[in-house]
1. Tell me, what ³J(HN,Hα) does each residue in segment 29-36 have, in order and in whole Hz, if you take phi through Karplus 6.51 cos²θ - 1.76 cosθ + 1.60 with θ = phi - 60° and put x for Gly and Pro?
2. Under 4.7 Å Cβ to Cβ, no partner at all: give me those cysteines from the chain, in residue order.
3. Net charge near Thr2: determine it from the other residues with C-beta under 13 Å of the C-beta of Thr2, scoring Lys and Arg +1 and Asp and Glu -1.
4. With springs only between Cα atoms under 10 Å apart, run a GNM on the chain and tell me which of Thr85, Thr28, Thr19 wobbles the most.
5. Counting only protein chains, not ligands or nucleic acids, how are Leu6, Leu67 ordered by accessible area (probe 1.4 Å), most first?
6. Summarise the accessible area of the chain (1.4 Å probe, protein heavy atoms) by the percent that is carbon and sulfur.
7. What's the magnitude of the charge dipole for the chain around its Cα centre, counting Lys and Arg as +1 and Asp and Glu as -1 at the beta-carbon? Answer in Debye, nearest 20.
8. Can you tally the lysine pairs in segment 19-106 where the Cα-Cα distance is under 15 Å and the two residues are eight or more apart, or on different chains?
Amino acid sequence: KTTFTLTVTNGGKDACILTISPKTYQLTVASGKDRIWSTADCEKWLPAKKTTLKAGAVHELSVKWTLRRSSEGCKLSDSQLKPGTYVATATLNDKASAKQTMQLVR
C-alpha cells in the first residue's frame, strides 16, 4: 500500500468553502493512457469533507492506494501491477491541479 498526502491551499484574499466529495475531487493513477485506479470507483476511498478555508489556509487529506487496479463498485484486481512508471493526478472541480510521477520496481 501507499498513501498519497494531498493539500489544497486557498490562495485568495477571502475565505472559501472547500468541498471534497466524489463530485468535486478525484485522484487517478494511470500508466500512459491506461487508467489503473481512481477514487471515482469507490466513494469510501475518498475522505469526504466540507470546510471553510481562510485566506492562505491549507487543508491536507490522505488517500490510500493498495497498488492494485480498480473498477466501478469498489472492485480491486487480484493481480499485482507490473513494474513501470505511473502518474497520479489530483483533480479538483474538473481541473488537474497536481501530478506525481512514480516508479514501481520489484
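1. Coupling constants for segment 29-36: 10, 9, 10, x, 8, 8, 6, 9 Hz.
2. Cys16, each lacking another Cys Cβ under 4.7 Å.
3. Details: positive: Lys1, Lys64, Arg68; negative: none.
Summing Lys and Arg as +1 and Asp and Glu as -1 gives +3.
4. Thr85
5. Leu67, Leu6
6. Working: 3380 of 7050 Å².
Roughly 48 percent, rounded to a whole number.
7. On the way: 17 positive and 8 negative charges, 33 e Å.
Here the chain has a charge dipole of around 160 debye.
8. Values: Lys23/Lys44; Lys23/Lys49; Lys23/Lys50; Lys23/Lys95; Lys33/Lys99; Lys44/Lys64; Lys44/Lys75; Lys64/Lys75.
Eligible lysine pairs with Cα atoms under 15 Å apart amount to 8.
The values are calculated or read from the model by the stated rules, or taken from the named source; none is laboratory data. The structure displayed is predicted, hence computed values, not measured ones. Cβ coordinates were reconstructed from backbone atoms using ideal geometry, including for glycine residues, and neighbour counts include every protein chain displayed. Areas reflect the complete protein model, heavy atoms only, side chains present, ligands, DNA and RNA absent. Shrake-Rupley method; radii C 1.70, N 1.55, O 1.52, S 1.80 Å.
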